[in-house]
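Asks: What follows is a structure written as structure tokens; I'll ask about it next.
Computed from the coordinates by the stated procedures, all read-outs in this text should not be read as laboratory data. Quick caveat, the model's predicted, so the values are computed rather than measured. Methodologically, a virtual Cβ is constructed for each residue, glycine included, from the backbone with ideal geometry; neighbour enumeration extends over all protein chains shown.
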Amino acid sequence: MQLDRSVIDGHNQQRIKEHQRKFEFVSADVANLDEVLQKLTAFNIAIPSWALGTGGTRFGRFSGGGEPRNLEEKIEDVGLLHALNRSSGAISLHIPWDIPKDYKATRELAAQYGIQFDAVNSNTFQDQPGQALSYKFGSLHHVDPKVRKQAVEHNIEVIRHGVELGSKALTVWLADGSSFPGQLNFRKAFQRTLESLQEIYQALHADWKMLIEYKAFEPSFYSTTIGDWGQSFTLANKLGPKAYTLVDLGHHLANANIEQIVSLLLMEGKLGGFHFNDSKYADDDLTAGSIKPYQLFLIFNELVEGMDARGMDHATGLGWMIDASHNLKDPLEDLMQSVEAIKIAYAQALIVDRDALNTAQEQNDVTQCQEILQQAFRTDVRPLVAQARMTAGGALDPVQLFREAGIRKTLIGSRGEKTVATGL
Ligand code: AOS
Ligand code: ZN
Ligand code: ZN
Ligand code: ZN
């Protein structure tokens with residue numbers, strides 16, 4: 001389904017008065033209003049193809065109705081999100097869950113919705129039907145060179161799919177690790193991973209990036225071969241200028257200072273991408289901003305500061321993506337909430353009085369530093385985000401419009417009550 005323009009206009013018309021009142025109130029105090037609005041309007045974040053269905057846990061999965069049954073319907077869903085919030089103009093595909101049947105038709109369908117193809121993701125954490133060798137004991141780090149070769153070839157095939165669709169990056173996340181002490185020779189495992197990645201790196205086109213995602217644990221519970229940013233960063237440095245580190249917010253040990261990691265990777269020119277989500281305990285993949293909104297703000301504060309320092313902007317700099325998926329909410333409503341939380345954190349970071357903060361830092365004025373950051377964090381920037389969205393043609397309140405317009409009901413009508421989207 002395509003959302004009719006008049007539906008969004010009607011929704012905005014009903015809310016415009018209240019919105020204007022709130023917008024005027026907050027904008028009076030924002031010195032760099034034009035810059036903030038322009039950056040929010042340009043902001044886009046990719047939607048993962050695996051988050052469009054209801055997620056499962058290892059205890060069960062309760063599919064919602066009207067889930068996308070194929071890649072075309074996943075693109076349709078992202079198109080709906082983008083029509084509502086004007087900030088979801090990209091999809092990140094997972095191979096083999098989303099192998100396109102017809103590249104040209106897939107590209108045309110996406111273009112119809114204004115959707116681009118962000119990073120493509122490989123999968124060597126599951127065995128696929130018909131596959132010759134198993135990934136039970138890892139893939140790129142495997143002791144058997146034949147398994148490593150199979151995994152390398154899969155990654156190269158993923159690049160080929162991505163090239164056909166116009167993607168510019170390959171994200172590699174490995175489940176490779178060990179669950180018991182002594183199981184693995186760490187040094188050999190890391191060395192083999194590097195050699196496998198070098199083979200994949202050679203297949204990258206000149207304008208492509210490789211994003212190396214790290215994760216502390218799960219599914220391996222004793223060691224993960226690319227377990228933290230230092231390991232990813234080391235690999236990225238050894239591989240070369242097209243290799244970068246990807247930070248998934250849920251992949252750290254408890255209480256890690258993620259904003260400091262972000263700052264350092266940006267400084268070194270090796271921060272390639274983000275998987276946004278939120279968590280209470282580990283890789284919970286909850287809605288961005290639902291548990292630790294202050295942390296999300298502090299991360300954006302470093303992103304804005306570091307990107308300014310490097311002369312980068314959002315549009316050209318980084319691959320930003322959501323990697324959230326869970327088992328309770330309507331996945332489309334959930335994704336809209338994540339996008340909104342991310343834009344709020346971004347807006348708050350953009351209104352930090354950076355000169356004043358810099359001065360206070362140089363004077364060791366600790367109290368004032370905290371005042372400055374919290375002044376921005378405690379500003380209700382939602383009307384700024386809504387204004388940018390409305391100006392770009394989106395809805396003032398995407399979640400409410402999704403409900404008012406009965407979009408899920410329409411999707412159930414066309415796709416069925418019992419549908420299961422591919423994903424985790
Ligand atoms: C796994 O924990 C990682 O977050 C991956 O980025 C991602 O969730 C996976 O590739 C999706 O299948
Ligand atoms: Zn991830
Ligand atoms: Zn994860
Ligand atoms: Zn996660």
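Asks: Looking at the chain, send over the antiparallel percent of its DSSP beta bridges, to the nearest 5.
Replies: Values: 5 of 30 bridges.
The answer is about 15 percent antiparallel.
Asks: I need the GluC sites (Glu not before Pro) found in segment 1-105, filtered to DSSP loop residues with at most 14 other beta carbons within 10 Å of theirs.
Replies: Values: sites: E18, E24, E35, E72, E73, E76; in loops: none.
Qualifying residues, ordered by number: none.
Asks: Subtracting the Cα-Cα distance from 0.36 nm times the residue separation, let me have the gained length for V7 to A31 in nm, one decimal. Could the numbers behind the result be given before it?
Replies: Numbers: separation 24, 0.36 × 24 = 8.64 nm, distance 3.37 nm.
Value of the extension gain: 5.3 nm.
Asks: Also, quick follow-up: Can you compute the modelled spin-label distance between N364 and V143, with each label point 7 Å from Cα toward Cβ, in nm?
Replies: Those two pseudo-labels are separated by 5.5 nm.
Asks: To make sure I understand, if each residue's beta carbon is the centre and we count other beta carbons within 10 Å, what order do S6, S49, S290 fall in, fewest to most? Can you show the working numbers first?
Replies: Values: S6 9, S49 27, S290 19.
Fewest-to-most Cβ neighbours within 10 Å comes out as S6, S290, S49.
Asks: Going Cα to Cα from K242, which lysines come in below 28 Å? Please leave out same-chain ones fewer than 8 positions away.
Replies: Partners found: K39, K104, K146, K149, K168, K188, K209, K215, K270, K343.
Asks: Taking the mean number of other Cβ atoms within 10 Å as a proxy for protection, how do you rank 251-258, 230-237 from highest to lowest?
Replies: Numbers: 251-258: 14.9, 230-237: 19.4.
Ranked by mean Cβ neighbours within 10 Å, highest first: 230-237, 251-258.
Asks: OK, next. Quick check on packing: order 392-399, 405-412 by the mean number of other C-beta atoms within 10 Å, highest mean leading. Intermediate results must be reported in sequence, preceding the final value.
Replies: Values: 392-399: 20.6, 405-412: 16.8.
Sorting 392-399, 405-412 by mean packing, highest first, produces 392-399, 405-412.
Asks: As a check on your grasp of the helix formula, calculate [θ] at 222 nm for the chain: sum -39500 (n - 2.57) over DSSP H runs of n ≥ 4, divide by the residue count, round to the nearest 500.
Replies: Working: 16 runs with 206 residues, N = 424.
Theoretical 222 nm ellipticity from helices: -15500 deg cm²/dmol.
Asks: Using the Cα gyration tensor of the chain, with a ≥ b ≥ c the square roots of its eigenvalues, what is the shape: rounded (a/c below 1.5), prolate (a/b larger than b/c) or oblate (neither)?
Replies: Working: a/c = 1.87, a/b = 1.22, b/c = 1.53.
Verdict is oblate for the chain.
Asks: Please work out how much length the chain gains when fully extended from V163 to D380, using 0.36 nm per residue of separation minus the C-alpha to C-alpha distance, in nm with one decimal. Can you show the working numbers first?
Replies: Working: separation 217, 0.36 × 217 = 78.12 nm, distance 4.14 nm.
Between V163 and D380, full extension yields 74.0 nm more.
Asks: Using r as the Cβ-Cβ distance of K22 and I291, and R0 as 30 Å, what FRET efficiency do you calculate, to the nearest 0.05? Please report the intermediate quantities before stating the final value.
Replies: Working: r = 26 Å, r/R0 = 0.86.
According to the calculation, E is roughly 0.70.
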